[in-house]
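Each value in this text was obtained by applying a stated rule to the coordinates, not by laboratory testing. On a predicted model such as this, the values are computed, not experimentally measured, just so you know. Neighbour counts are summed over all protein chains in view; Cβ atoms, including those assigned to glycine, are modelled from backbone coordinates with ideal geometry.
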Amino acid sequence: MTTTADRSDFRESIRANRVFILGAGFSAAAGVPLTNELLKEALHLFSLECPGIYSRVENYAMESIGQESGSLNVDHLNFSELCTFLEFIELREYGGGERWNQNGSREKLALRYYLAKTIVARTPKPSSVPSLYLEFAAQLQPRDFVISFNWDGLLEAALLAIGKPYTYDRSDENAITISKLHGSVNWHLGEPQRLDGNPPIRKRPPTPPTAVTSSRRP
């Protein structure tokens, strides 16, 4: 027979092991664009600020949708298909050899940059996060685990606004853990950066220098 104490223990166990999963729609009410709208805005900004590299991306995008002439018809462009096609182009042109950068081609990295720049511009700052998100952040508690498929930092901004700590690597048991499976706009190619400008959340010991030996004699 289940007692009142058993039920209480069960509720406490659930509270101590809560997991939340956030999809793309989570941030839409705050004005963060969904993928197809995001792609249109990012490409427009890309064309204004970096027309040289954009022209190559535009040609690849037209090739991906079978458009042979004119200006790119963005309405016919699919976000995931474009990303997949750029991966194919990188393989076709580099063939596994030396690339412009170990993290990808110039065109692909530039597109990522303008996607991130657009997201940052459309994400509210901590001082202007809508109350809906502040309320969600307020009910989160230490040891909660949030899995997010979003690139934006809206949840982090909401937590900063109400003064709750968060971590990306479960290094602080008194903080809310955020796991961003698709990456984040505030993650540089090295350590994740905080949105408030403080040092990186992930604290790893420095890598010891690698000993270099040489057969050359002085």
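Within the stretch 26-125, list the GluC sites (Glu not before Pro) lying in a DSSP loop whose Cβ has at most 14 other Cβ atoms in a 10 Å radius.
Qualifying residues, ordered by number: Glu68, Glu98.
Run the simple label-point estimate for Phe145 and Ile65 please: 7 Å along Cα→C-beta, distance reported in nm.
Modelled inter-label distance: 4.0 nm.
List the residues, sorted by chain then number, that are 5 or more residues from Lys180 or on another chain and whose placed amide H is less than 5 Å from its amide H.
Close amide H contacts, sequence-distant or interchain: Ser148.
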